[in-house]
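Novice: Quick one: the structure is below, questions incoming.
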Amino acid sequence: MNKELVFLDHDGGIDDLLSLLLILTMKEKELIGINVTPADCFIEPALESTYKILQLFHQEKIPIGRGDFYGINAFPSEWRARPEVVNALPMLINLPQAPDPYAYPSAPDLLIEQLTKATDGVSIIITGPCSNLVHALHKAPSIREKIKKVVWMGGAFRTSGNVQTYQHNGTAEWNVFWDPESAKQLFEFELPLICVPLDVTNHVPVNKAFLSKLASQSNYEISNLAGQFWAMTIDTIPSYHYVYFMWDVLATSYLDIPEAFTVEAVRAKVSNRPPNAGQTYLDEEGYLVTIATEVNKAIFYEYILERFKQ
């Protein structure tokens, strides 16, 4: 049985790195490339984190691309600094030095290269903004033929957004808000796009009951590391302001357990201007996209605990 080819585009946050951990535990998937977008991270430490995680799985040969587009609406700096802490964790700090962060290929170019030479359709999982994919499609439209599906942790369709900032009305989700113009264009491409939006991620918080179960299996190396990652989120976003959810990890799990999700085909658009820049909204004259609306939480949490028993 051939493994499903997967390309990951992440933006360096804690849940992005956890998504990388999760994909590397998927025995029926082959990760053919990773792009890092400088959105919810400072790019140099996030590239280092990515490489160190690959070392844990003896997968250093998987190519990494460096995003060189810095978006329109920056993430808060205190969120972006988390990979620096990750790299100092006991399981990672003494691993061999990562390559020169300025020697990596451009992220759109790596995506074009890996899709062009792929012998089968590729599933693209995006846990940050979608800019690299959009830029790659403009540069090499032929890669569209190699895209099996795109799974994106992005959007808020029938719920409030999680952007709270000046000149914004709170309707947008951060991965879309960072580069609303690319998000708008992604919808217009009408790829086989599955969005895992806040509508469903809002139902899977990172709570202490889950962390306690994960800690009970900390004799497994990956459970131990994942528990350390998630423990760092307790004060990443103040509880009076936000709750930390399984945003990217939930979206990534769709690759392996799509049967746990309820999805719906809709027509939608993306706003690219204030006061609702980045809002994803339903519109009968919009573009066809599939959105996840529900997930079986029991199946999802049990799946994560089982996957991290490595």
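Novice: From Thr171, Thr159, Thr201, Thr165, grab the single residue that is of a type in the set (Ser, Thr, Tyr) and within 14 Å of the chain's Cα centre (by Cα).
Specialist: Thr201
Novice: So is Gly71 assigned to a loop (DSSP other than H, G, I, E, B) and in contact with an Asp or Glu (Cβ under 8 Å, 6 or more places away or on another chain) or not?
Specialist: Yes; evaluated as a whole, the condition is true for this residue.
Novice: Restricting the first residue to region 205-225 and requiring it to be touching a residue at least 60 places away in the same chain (Cβ under 8 Å), which pairs with a second residue that is of a type in the set (Val, Ile, Thr) and surrounded by 14 or more Cβ atoms within 10 Å (Cβ to Cβ) meet a Cβ separation below 7 Å and a spacing of at least six or different chains?
Specialist: Every condition considered, the pairs that remain are Ile222/Thr25.
Novice: Only one of (1) modelled with pLDDT of 95 or more; (2) of a type in the set (A, V, I, L, M, F, W, C); (3) assigned to a helix (DSSP H, G or I); (4) over 19 Å from Leu110 (Cα atoms) fails for Trp79. Which number is that?
Specialist: (1)
Novice: Picking from Ala118, Ala209, which residue would you name as being at pLDDT below 95 and of a type in the set (Gly, Ala, Ser)?
Specialist: Only one candidate qualifies: Ala209.
Novice: Any idea which of Val249, Val204, Val270 is of a type in the set (Val, Ile, Thr), in contact with a helix residue (DSSP H, G or I) (Cβ under 8 Å, 6 or more places away or on another chain) and within 15 Å of Val151 (Cβ to Cβ)?
Specialist: The match here is Val249.
Novice: Of the residues Leu31, Leu21, Leu8, Leu111, only one is closer than 27 Å to Ala231 by Cα, out of contact with any Lys or Arg (no Cβ under 6 Å at 6 or more places or on another chain), touching a residue at least 24 places away in the same chain (Cβ under 8 Å) and in a helix (DSSP H, G or I); which?
Specialist: Leu21
Novice: I need the full set of residues from region 242-271 which are under 28 Å from Gln164 (Cβ atoms), outside any strand (DSSP E or B) and of a type in the set (Gly, Ala, Ser), in order please.
Specialist: Within region 242-271, Ala251, Ser253, Ser271 meet the criteria.
Novice: Any idea which of (1) in a strand (DSSP E or B); (2) crowded, with 24+ Cβ neighbours inside 10 Å is the one Cys41 doesn't satisfy?
Specialist: (1) is the only condition that Cys41 fails.
Novice: Further, regarding this structure: Counting only residues that are among the charged types (D, E, K, R) and touching a residue at least 12 places away in the same chain (Cβ under 8 Å), which one in region 79-108 is surrounded by the most Cβ atoms within 10 Å (Cβ to Cβ)?
Specialist: If we take residues in region 79-108 being among the charged types (D, E, K, R) and touching a residue at least 12 places away in the same chain (Cβ under 8 Å), then Arg82 is surrounded by the most Cβ atoms within 10 Å (Cβ to Cβ).
The values are calculated or read from the model by the stated rules, or taken from the named source; none is laboratory data. Not measured: the values here are computed from a predicted model. Glycine gets a Cβ as well: all are built from the backbone with ideal geometry, and neighbour counts include every protein chain shown.
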